[in-house]
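Please read the structure below before turning to the comments.
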Amino acid sequence: QVLLVESGGGLVQAGDSLRLSCGASGHLFKNAAVGWFRQAPGKEREFVAVISWTGNTYYADSVQGRFTMARDNAKNTMSLQMDSLKPDDTAVYYCAATLSGGYYQWVRGEFNYWGRGTQVTVSS
């Protein structure tokens, strides 16, 4: 079992930066692939970024070059540094973890554990 809790959301202006964090419970974190997803009002949840248990990192095209994901296995935490934010980045952001699968499963959102989400609002 992995319990995930996000923090760091808020209201910012276009062009600003924001850093999201996600803390995980349990001893399985280091063996898990961990990711960030987001869901905007009226839209489906979409993949943002993922780091595999081997440290490989993948980003959605829409955030490549602006967002940076990191993980700290010693602290059971992951983060998402978001720079050059745009109004289109407005969404509820969720962290997630899974002990199985691969890239194609992860980008489809096939994760076993999810946080409750944190709101990010970017004003124009």
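The values are calculated or read from the model by the stated rules, or taken from the named source; none is laboratory data. Bear in mind that the values here come from a model prediction, so they are computed numbers and not experimental data. Every residue, glycine among them, receives a Cβ derived from its backbone with ideal geometry; neighbour counts consider all protein chains shown. Calculation scope for accessible area: heavy atoms of the full protein, side chains included, ligands and nucleic acids excluded. Shrake-Rupley method; radii C 1.70, N 1.55, O 1.52, S 1.80 Å.
Descriptive notes on the structure:
- Cα lying deepest toward the dipole's positive end in the chain, options Trp114, Ser84, Phe29, charges on Cβ: Phe29
- Under 25 Å of direct C-alpha separation, and excluding same-chain neighbours fewer than eight residues apart, Lys30 reaches these lysines: Lys75.
- Note on segment 3-71: with neighbouring protein chains present and a 1.4 Å probe, carbon and sulfur make up 49 percent of its accessible heavy-atom surface.
- Its Cα centre serving as origin, the chain has a Cβ charge dipole (Lys and Arg +1, Asp and Glu -1) of approximately 240 debye.
- Residue-span extension gain [Gln81 to Asn56] - 0.36 nm each, minus C-alpha spacing: 7.3 nm
- A straight Cα-to-Cα reach below 15 Å connects Lys43 with the aspartates and glutamates Asp88, Asp89, residues fewer than 8 places away in its own chain not being considered.
- Computed FRET value (nearest 0.05) for Tyr103 with Asp16, which takes r as the C-beta separation and R₀ as 30 Å: 0.50
- Shown here: segment 55-111, whose C-alpha atoms stretch 33, 27, 20 Å along the first, second and third principal axes, sorted largest to smallest.
- Ligands, DNA and RNA are left out, and with a 1.4 angstrom probe the accessible area of the chain is 52 Å² per residue.
- On the basis of the beta-carbon distance and an R0 of 22 Å, Asp72 and Ser124 show a calculated FRET efficiency of 0.05.
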